[in-house]
Structures are given as C-alpha cells and as structure tokens.
Amino acid sequence: MKRIAVIGAGYVGLVAACCLAKSKFEVICIERDQDKINQLVKGIIPFYEEGLQELLVAGLESERLKFSQNFADCKGLEVLMVAVGTPSQVDGRVDLSQIYQVMRDIKHYDLRPKVLVMKSTVPPGLGEQLKKRFLANSECETAYVSNPEFLREGQAIKDWYFPDRIVLGGDFPKALELVESLFINISAPVVKMDVTSAEMVKYASNAFLATKISFINEIGNLCELVGADITPVAQAVGMDRRIGDQFLKAGLGYGGSCFPKDTRGLDFLSTLKGHTFNLLKAVIEVNTRQRILAVRKLCNSLGSLHGKKIGVLGLTFKPDTDDIRESPALEIIKFLLDEGAQVTAYDPMANISKLNSMDFNLCLNAMSAASGCHALVLATEWPEFINLDWGAVQKEMREPFLILDGRNSLNAQNMSVLGFQYVGMGKL
C-alpha cells in the first residue's frame, strides 16, 4: 500500500486526500492552519462540496486519512502531492509564495520523496524552474511530475473518479507510472507529456472555456440589438458536435477561483514572454463588462438607482457551492451601492464569513430579500430561486416589479403574466 502526503487542505488538497484515502491509500494531509486541522479531525470541512464530508469521515474512521501541521511527518513517504493555493495578484501575476515555501520545507526537512506531484495550478515553465532550483544537484533524486486538476466545484468527487482525462507531465517513465497508479480503478485516458506542456493544458483548458462563455455573452448582447433571442440561438449552436452545448449560456459571466485567476495569469505570462494574447484580453474585458451591463439594464428600467431598493438572489458564483470568490453578484452589489441603491441579498449556501464589509442587508430567505424591492436580480440559478412562488414574491415587491434574470433561468412569459417587468440577458 502506497503512503502519500498531500500538502494543503484547501479545496483541491482536501478532495485529493479524501479520494485517495477512499482508494485505500494511506494519506497524511499537511496543513499549516491548526484551527482547520481541529475541525477536519472532527469530520467538519471548511467549505461545502457535495459528498466530501462523508468521504472525510470515512477516511478518518478507517484511519487511512490523517492530518498534521508537521512536515517531518512526510519523511519516508513515496509520493508527496502539492496542492497549495496559487492566488492571483492585482496585476494578474500568480502568487507562488506558498509553492516556494513548500519546496523550501521539502529541502529543510530532507523529505526525499520518490515523486513530487504538482496538483496546484502553476504558470507553464515553473516546474522546470523548481526542478533546477530545488531538486537539481540533490541526493534525493526526486522526480517531478505535473498532474493538473480539473475539478469543478460542486462536482469535484465525480470529477475525481470520472475524469475526461488524466494529464501527467514528467521526464521519467517510472515516475509517471507511479503517479498513474494513484488513480486506481479510474477509467480515463492517460495523456503523458513533458512538464511544461502539462502545465499549459490546465491554462489552455480554462482559457478556452472562459472564451466560450464570453463569446456567447457577446452573441447575446448582439441578439438584443438585432431583435433575436439568445436562448434558442445558443441551443441550436450547441447542437453542432464540433462546438458542444456546455458553457454556452448567456448571463453575468464567469466567476469563482479558477477562470478569473487563470485567464489573468495566462495573459500576464503571455505579456511577460512578449506575446500579446488579444483574444484572451477580449475574453477578460467582455466578462468584466457583463456585470456593468446588468447594472445598466437596471438603470434603463428604473432610472436613477439612488434610493431604489434592489434585492439580489444568489451570492455564490454558481449553484452547488458556497464559494463567493470573484462572484458576479458581489461585483454587481458594489456597483449598486456606489449608485446609492439600498441592497438586500440572500443565498442558501454562501460562506458569509468570507464576505468583506459591504453595506447591504443579508437576509434569511428569498422572500425577505424581495420585500419592498423595486427590482430583483437573479444572480445565481439555485433551484430554490427557480422554484419560488413568484406570485407571492410579486406581492411583496413594489412597482415596477422588475426582475433582472442574470442567468436566463426563469420563464419570461410566466413572469409577465404574474405582473413582473422581465429583463433577461440577450433576450427579446
């Protein structure tokens, strides 16, 4: 039985540790935050991910999953998997401080794993730099393997066990085989390549998906100008097998921890290397503009927003997660507050402990958020919102009973019958 260390108990690291333990590997997860460890050993996860808490509890009960603050506990293990954060800086650069600290700790504690697996998303070319800086001219003979993750928040467990592909980048066949063996009983194509190419796969994949989102939003904006409806347009376009229907839903744009960070990071890297990635710059610009466009739609319908009461339904960047990072809803709320609007909001799952100080009223349910509002913005397509008693909601609001459907998830005709002024994204 292989013994594995996973460095970092964040989103990627904790999912990896729990899934590897379920696959009957012995896993120790190293986490610097003792408070987080105290919660994890009690079976409590610091964020919401469907099915993850059950895996955590099962791993603890089987004693195949352990947590520690001490890097020395990794000594003698075959595989060390790095899954620490690489957040975006203001200028788009990737903050690699946690990566460098892990590499220094590996050297300081003389861990000498057979294979160092990089799960964290790092800029293409970093792996080769780390090898030269930390692993070259060393007695440890540690092989470096890039193994980018493609986990979707809300479906991470499914994506671990049923991936579209497993990407491995490295120089040594035996090291690649060792990492491949970690994905036991997982049926998926294994694509092997050099380290830098594997790093590029992650960035290229996220940049392409972000491009599809911004593209369909631009088509939606054009639909409004020519009198077309984006919903049937996107449906028909997506039926083309060369294109596919995923990520072709017009709305407020992408958010979360991956797409914004990775598009900015790739753009910065391109500039650093002397390449002007005009397409990617446009993708980022379009995504930013979608939030402004939503506020403009409110202004067009309400006139001045000063003194208007506007409710926002949904704070997470998408359903089935509590993640509010880069959330379109929060950006829209900032715009509304700057315009002098009174804002109420509700989300069934948002991690409000991570909310910065913002002067809006966070409500306990959707009806409270709608009470007395001139307009409601549907910012996250939670099923709870789509299935609301909208007739009752209308009675709680005040004229002009405006609904801005930022996700095109409601039936426009039904909303009009109920007395709402319905506005969608890219809709007639």
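Considering only residues that are hydroxyl-bearing (Ser, Thr, Tyr) and surrounded by 15 or more Cβ atoms within 10 Å (Cβ to Cβ), look in segment 262-274 and name the one that is nearest to Thr211 (Cα to Cα).
Per the stated criteria, the residue is Thr263.
Filter segment 291-301 for residues that are within 11 Å of Glu339 (Cβ to Cβ) and surrounded by fewer than 19 Cβ atoms within 10 Å (Cβ to Cβ) and give the result.
Result: Arg296, Cys299.
Just checking, does segment 297-316 include any residue being in the same structural domain as Thr231 (by TED's automatic domain parsing), of a type in the set (Ser, Thr, Tyr), in contact with a Phe, Trp or Tyr (Cβ under 8 Å, 6 or more places away or on another chain) and assigned to a helix (DSSP H, G or I)?
no
Could you check segment 258-294 and list, in sequence order, the residues that are in a loop (DSSP other than H, G, I, E, B) and either charged (D, E, K, R) or touching a strand residue (DSSP E or B) at 6+ places or on another chain (Cβ under 9 Å) (or both)?
Lys273, the sole residue that qualifies.
Tell me, please, whether a residue that is of a type in the set (S, T, N, Q), touching a Ser or Thr at 6+ places or on another chain (Cβ under 9 Å) and under 26 Å from Asp110 (Cβ atoms) can be found in segment 65-72.
no
Do any strands (runs of 3 or more DSSP E) lying entirely in segment 119-209 carry at least 1 residues that are small (Gly, Ala, Ser), and which ones are they?
Of the strands (runs of 3 or more DSSP E) lying wholly inside segment 119-209, those with at least 1 residues that are small (Gly, Ala, Ser) span 143-146, 166-169.
Kindly indicate whether Leu293 is more than 18 Å from the chain's Cα centre (by Cα) and either assigned by TED's automatic domain parsing to the domain that holds Ala379 or touching a residue at least 40 places away in the same chain (Cβ under 8 Å) (or both).
Spelling it out, Leu293 is indeed more than 18 Å from the chain's Cα centre (by Cα) and either assigned by TED's automatic domain parsing to the domain that holds Ala379 or touching a residue at least 40 places away in the same chain (Cβ under 8 Å) (or both).
Tell me which residues, restricted to segment 192-208, are surrounded by fewer than 17 Cβ atoms within 10 Å (Cβ to Cβ) and closer than 25 Å to Met425 by Cβ.
Hit for segment 192-208 is Phe208, nothing else.
Could you tell me whether segment 48-55 includes any residue that is free of Cβ contacts under 8 Å to residues at least 24 places away in the same chain and assigned by TED's automatic domain parsing to the domain that holds Lys114?
Scanning segment 48-55 turns up at least one residue that is free of Cβ contacts under 8 Å to residues at least 24 places away in the same chain and assigned by TED's automatic domain parsing to the domain that holds Lys114.
Mind listing just one residue for me: the one in segment 51-74 that is among the small types (Gly, Ala, Ser) and at pLDDT 95 or above and, of those, nearest to Ile184 (Cα to Cα)?
Ranking the qualifying residues of segment 51-74, first place goes to Gly59.
Return the residue satisfying two criteria in turn: it lies in segment 65-85 and is surrounded by fewer than 21 Cβ atoms within 10 Å (Cβ to Cβ) and either in contact with a Lys or Arg (Cβ under 9 Å, 6 or more places away or on another chain) or without any contact (Cβ under 8 Å) to a residue 12 or more places away in the chain (or both), and of such residues it is nearest to Tyr203 (Cα to Cα).
My answer is Glu78.
Across segment 275-290, what is the total count of residues that are of a type outside the set (Val, Ile, Thr) and surrounded by fewer than 18 Cβ atoms within 10 Å (Cβ to Cβ)?
7
Output the number of residues of segment 382-428 satisfying the condition of being within 21 Å of Pro232 (Cβ to Cβ) and either of a type in the set (S, T, N, Q) or in contact with a strand residue (DSSP E or B) (Cβ under 9 Å, 6 or more places away or on another chain) (or both).
Counting residues in segment 382-428 that are within 21 Å of Pro232 (Cβ to Cβ) and either of a type in the set (S, T, N, Q) or in contact with a strand residue (DSSP E or B) (Cβ under 9 Å, 6 or more places away or on another chain) (or both) gives 20.
So which of Ala136, Ala188 is surrounded by fewer than 18 Cβ atoms within 10 Å (Cβ to Cβ), aliphatic (A, V, I, L, M) and under 22 Å from Tyr11 (Cβ atoms)?
After ruling out the rest, the residue left standing is Ala188.
Going by the conditions given, is Phe385 touching a Gly at 6+ places or on another chain (Cβ under 7 Å), among the aromatic types (Phe, Trp, Tyr), in the same structural domain as Pro328 (by TED's automatic domain parsing) and farther than 17 Å from Pro319 by Cβ?
no
Check Arg398, Arg407 and return the single one that is under 24 Å from Ile213 (Cβ atoms) and basic (Lys, Arg).
One residue alone meets the criteria, Arg407.
Can you report the number of residues in segment 235-257 which are assigned to a helix (DSSP H, G or I) and under 21 Å from the mean Cα position of the chain (by Cα)?
So the count comes out to 0.
Tyr48 versus (1) closer than 23 Å to Arg133 by Cβ; (2) at pLDDT below 95: which is the lone unmet condition?
(1)
For segment 182-230, how many residues are of a type in the set (Val, Ile, Thr), out of contact with any helix residue (DSSP H, G or I) (no Cβ under 9 Å at 6 or more places or on another chain) and more than 30 Å from Lys2 (Cα to Cα)?
Total meeting the criteria: 1.
The values are calculated or read from the model by the stated rules, or taken from the named source; none is laboratory data. In this text the structure is predicted, and so the values were computed from the model without any measurement. Backbone-built Cβ (ideal geometry, glycine too); neighbour counts: all protein chains shown.
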